[in-house]
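Here is the structure we will look at, set down as structure tokens.
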Amino acid sequence: MRKPTGSARRPTGRPDPKRQPVQKKAAAAVAAKSARRNGAAARALEARPSPAKANRLAERRTIHVESEASAAASRGKYVYCIIEATDPLRFGPIGIGADPSDVYTVHYRNLAAVVSDAPLEVLDSTRENVLAHERVNETVMREHTVIPMSFGTIFKTREDIVELLRSAAEAFGDVLNKMQNKLEFGLKVLWDRDQAIREVEAEDEDIGRLKKEISGQKGPTYFARMQYGRLVDAALQTRSERYVADILDQLRDVSVASRINKPIGDKMIMNAAFLISREKETAFDARVKSIAGRFDKLTFKYTGPWPPYNFVNIRLKLERA
């Protein structure tokens, strides 16, 4: 009896005991790979924010970007003074601000505005801000003739400053030429008003007589007091004007010009500013000391040098298309 040749096939669907270990390993590998893939997907899902959270994050980013843009847009250029200069200049961190801002120049041809970055808002005239404004001008005027700008002059952009220089170039040039190598000094003169009243009472017969009548009169003294007050005020005015005229006359030959401002308070009789050439600064100092020594009943308050605040008057009008 002949044996069948070739390999016999096992019925379909019945496992092959020899191949079972291989199949189990393959299945385990597939399962592990799937688990890793599913785990990574799960972790990705966990790391991905929810739609609501994603929207909040996007809003925060938008607000942050907008706030930065708004902050940049709200910065302006604070102008301290105008000088003649063709090359860019930097004066260091001496400008207005809690942290002193850098001061530099913005140019149009041979004119330059001395500026620093500042908030685009109305600036409070605090002691710190005013002193910073004066500090910059005093620093610049050591080597340059300056046209000082009023405190709180702020422009939106650099282009606006260039337009200022361009539109007022002729006026700025004329003033810079007239103020070349000139400085301003302030002089305030005060007196003891009570002492001055005693002096006019002793020197003026009518005032002395009225004072005695008022002190010795037992009845109403209203009209006598009114007349006494008018006479005293007139005598004090005459005396103070005589002092001022004498002081001005003695300072005339050592100054270019002077300006008399309104006195402040009852004790001040003179509030003046003087425009001085640099070469006569020493002579002016000596003359003021000499006058103060001669008028021993008066108190002299002498300040400077300053930029010519009281001698520059430029009216500017910018028009933009």
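Can you pull the one-decimal nm distance between simple spin-label points at residue 205 and residue 266, each 7 Å off the Cα toward Cβ?
Result: 2.9 nm between the two label points.
Expressed in nm to one decimal, what extension gain is obtained for the pair residue 74 and residue 215 from 0.36 nm per residue of sequence separation less their Cα-Cα distance? Don't skip to the answer; put the middle values down first.
Working: separation 141, 0.36 × 141 = 50.76 nm, distance 6.73 nm.
Stretched out fully, the residue 74 to residue 215 stretch lengthens by 44.0 nm.
Between rounded, prolate and oblate, where does the stretch 148-242 land on the alpha carbon gyration tensor, with a ≥ b ≥ c its root eigenvalues, rounded for a/c under 1.5, else prolate if a/b exceeds b/c?
prolate
For the stretch 165-321, what is the convex hull volume of its Cα atoms per residue in Å³?
Details: hull volume 22.4 nm³, N = 157.
Dividing the Cα hull volume of the stretch 165-321 by its residue count gives 143 Å³.
Could you check the spin-label model distance between residue 156 and residue 90? Points 7 Å from the Cα along Cα→Cβ, value in nm.
In this crude spin-label approximation the distance works out to 2.9 nm.
Quick check: residue separation of residue 142 and residue 98 times 0.36 nm, minus the Cα distance between them. What number comes out in nm?
13.4 nm
What whole-number volume per residue, in cubic angstrom, does the convex hull of the C-alpha atoms of the stretch 90-163 give?
Dividing the Cα hull volume of the stretch 90-163 by its residue count gives 89 Å³.
With the full set of protein chains in place, find how many percent of the accessible area of the stretch 234-320 is carbon and sulfur; take the probe as 1.4 Å. Can you show the working numbers first?
On the way: 2590 of 5470 Å².
Percent of accessible area from carbon and sulfur atoms in the stretch 234-320: 47.
Please report, in whole Å³, the volume per residue of the convex hull around the C-alpha atoms of the stretch 71-194.
Taking the convex hull of the Cα positions in the stretch 71-194, it is 140 Å³ per residue.
State which entries of 188/211; 211/301; 188/289; 156/182; 182/267 exceed 23 angstrom in Cα-Cα distance in the structure shown.
Correct reply: 188/211; 211/301; 156/182; 182/267.
Quick one: if you stick a label point 7 Å off each Cα along the C-beta vector at residue 280 and residue 174, how many nm between them?
Rounded to a tenth, the inter-label distance reads 2.3 nm.
The values are calculated or read from the model by the stated rules, or taken from the named source; none is laboratory data. Worth saying up front: this structure is predicted, and the values here are computed from it rather than measured. A quick note on method: Cβ atoms are made from the backbone with ideal geometry, for glycine too, and the neighbour counts reach across all protein chains shown. To get the accessible areas, we keep the full protein, side chains included, count just its heavy atoms, and leave off ligands, DNA and RNA. Shrake-Rupley method; radii C 1.70, N 1.55, O 1.52, S 1.80 Å.
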